[in-house]
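The values are calculated or read from the model by the stated rules, or taken from the named source; none is laboratory data. Please read these numbers as outputs of a predicted model, since none were measured by experiment. Cβ coordinates were reconstructed from backbone atoms using ideal geometry, including for glycine residues, and neighbour counts include every protein chain displayed. Surface accessibility is based on the protein's heavy atoms, side chains included, excluding ligands, DNA and RNA. Shrake-Rupley method; radii C 1.70, N 1.55, O 1.52, S 1.80 Å.
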Amino acid sequence: MDKRWVLADTFSKELNESLSKELNISNELVELLLQRDVTTFEEAKTFFRPSLNHLHDPFLMKGMDKAVNRLCDAIFSQEKIMIYGDYDVDGTTSVSLVYGFLGKFSENLIYYIPDRYSEGYGISTKGIETAKEEGIGLIISLDCGIRAVDKAALAKTYGIDLIICDHHLPGDELPDALAVLDPKQSDCPYPYKELSGCGVGFKLMQGFCMQNSIDLEELFQFLDLLAVSIASDIVPITGENRVMAYYGLKKLNQTPCPGLQALIEVSGLKGELDITSIVFYIGPRINATGRLTHAHDSVRLLTAKDQSETEAFAEVLNARNKERKDFDKSITEEALEMVEANEQLKAARSTVLFKNDWHKGVIGIVASRCIEKYYRPTIILTESSEKATGSARSIEGFDIHDAISQCSELLEQFGGHTHAAGLTLPIENVPAFQQKFEEIVSTTIASDILTPKVDVDMEVNLDFVNYKNYSIIKQMSPFGPHNQKPVFVSRNVQLKYPARVLKDEHLKASLYQDGNEFVYEAIGFGLADKAELIASGQPFDIAFQIEENEFRGNKSLQLIIKDIKIA
């Protein structure tokens, strides 16, 4: 698939040179900082040396005073508290953090995770009814609840107080809860708006600590769970999230909680873990139980303290993840075959597919896989409770939630955000929905965004690739959304030796550039199709990242090629 390279704008020469002089680093490295909104010496100091002292005062968040006071009353009067969370990674880490931390101060806690299939996303009627039966006086909802207007009303009729900790966009009407903590409320003065659901729960616990003079180090022991939430929920790695992810990764690499340690071992992970390790290895295993069976297995693992318990639970999650991969692979193959067999679908600007026996737990992943192949807004639907239910995924620059909302007369419910959404509709409405959604996408999507892009930080010569520069780039981590690992472009690169194809998928090459005799080792994952292109002997351009490679105890820098074009 062809890709377009989009080079980042450059900043003024005066600003660059001024900061370069202050920091005593090259203009290229300063340009990377400016692209990350680091424009002064003080901002650079904060960026390169994150500190937990940089965390904001939790009481700046609307509703925090009320929430902390109510929580204190419940803890000190030994009231029963339900910790309620969503079934994904953000929800289960949220529950594990709050349940684990508050367990130091109360034995009257239970946790509740809704069943994806029988209850669906968010606060459920069954959850509220369970709280009533259990004699719960306070529910703390995590990573859900901001739109649960009717469920908040139900809790109120039972005399149950509700504290909502959420990070999703509020609707037109807020739930009538005792306190609503969500920095995305329009009138919330909290300075950082991009917390994960677990992050909002963490701020509530931080407020509880401050109110009761509890050493925050006790709470910081749970930062590894928070880092897993931040990475898995794809929130920006900026500001407060970056600080918490930085220290959470430290904890994950040094003294992870027993459950995460067991997951690291069962995943076969070696060396230093980063955001990518969480996204591709730890997060999917935590997510797999909620997709296939019930997510309380994940909470059991993340809150377990006994090693034999954690090993058993980790094996369960690993087995579920293998099942999930099998479903994912077979359904993706079916979905792609459906498109390839239909000329109209192949030519469309969107993909909307329905099959009644596809597994509901993996259709979001299948939507993402289809985008890898066709790169266009995609919705995968299956049958559940005699309705068509689906997951939508978008491409950069297209608001899929808005497009779905324009089909609302065909839907029973929908929700989500710009890049991802969920929806339910009568099965008989599926053909009409497919047609209308395609019409909306066709008439509103810009042609250029249907070509995937590679965001490029800057153009450099290959002699930029050295340990001096790499050591500073590495300090810009943790990398993730809004602070991605830098991508560079080098022009007129040539092969020193013939390129090799590994496992029929990956491209391995030794490269050089005129004027520079050094040979750079490079690998392009999934770029085997470019082997013929560069075998012609013509110079070519590469978009790449820099990474350290270790082989038999020897460390060296290598280029991770993202794309190749003939010069």
* **Rounded to the nearest 10 Å², the accessible area of ASP357 at probe 1.4 Å** => 100 Å²
* Note the angle between two axes, namely the Cα long axis of helix 363-374 and the longest principal axis of the Cα atoms of the chain, as a number of degrees from 0 to 90, rounded to the nearest 10. => 20 degrees
* Distance in nm between label sites at LYS250 and GLU107, each 7 Å beyond Cα in the beta-carbon direction? -> 3.5 nm
* Asked: Which value at 222 nm does the chain reach when only helices count, each DSSP H run of 4 or more adding -39,500 (n - 2.57), with the total divided by all residues and rounded to the nearest 500 deg cm²/dmol?
  -> -12500 deg cm²/dmol
* Structure fact -> So GLU396 and LEU60, fully extended at 0.36 nm per residue minus their Cα-Cα distance, gain in nm 117.7 nm
* Given C-alpha coordinates of the chain, what is the ratio Rg to Rh with the Kirkwood estimate of Rh? -> 0.98
* To do: Could you please report the charge total around LEU142, scoring K, R as +1 and D, E as -1 over all other residues with beta-carbon less than 9 angstrom from its beta-carbon?
  => -4
* What does the charge add up to near ARG300, with Lys and Arg as +1, Asp and Glu as -1, over the other residues with Cβ less than 12 Å from its Cβ? -> -2
* **Percent RCO, i.e. relative contact order, over the chain, from Cα pairs under 8 Å lying at least 6 residues apart** => 11 percent
* **Segment GLU372-GLN494, extension gain: residue separation times 0.36 nm, minus the distance between their alpha carbons** => 41.1 nm
* **Cβ-derived FRET efficiency at R0 41 Å, VAL6 paired with GLU42, nearest 0.05** => 0.85
* Structure fact -> With all protein chains present, the chain has a carbon and sulfur share of its accessible area (1.4 Å probe) in percent of 48 percent
* Structure fact -> One finds, for GLU548 and HIS417 with R0 = 41 angstrom and r their Cβ-Cβ distance, a FRET efficiency to the nearest 0.05 of 0.70
* **Accessible area of the chain divided out per residue, in Å², using a probe of 1.4 angstrom** => 45 Å²
* To do: Sum up the charges of everything whose Cβ sits under 14 Å from the Cβ of LYS126, counting Lys and Arg as +1 and Asp and Glu as -1, but leave LYS126 out.
  => -3
* Asked: Using a 1.4 angstrom probe and counting only protein chains, how large is the accessible area of LEU7 in Å², to 10?
  -> 90 Å²
* State the answer as a single residue: which of THR444, ILE136, GLY524 lies farthest towards the positive end of the charge dipole of the chain, with beta carbon charges of +1 for Lys and Arg and -1 for Asp and Glu, about the Cα centre. => GLY524
* Relative to the longest principal axis of the C-alpha atoms of the chain, give the angle of the C-alpha long axis of helix 430-444, reported between 0 and 90° and rounded to the nearest 10°. => 50 degrees
* Provide Rg over Rh for the range 147-208; use the alpha carbon set for both Rg and the Kirkwood Rh (inverse mean inverse pair distance). => 0.97
* **Within the range 422-450: backbone nitrogen closer than 17 Å to the SER405 label point (7 Å, Cα to C-beta)** => 422-424, 437, 440-441, 444-445
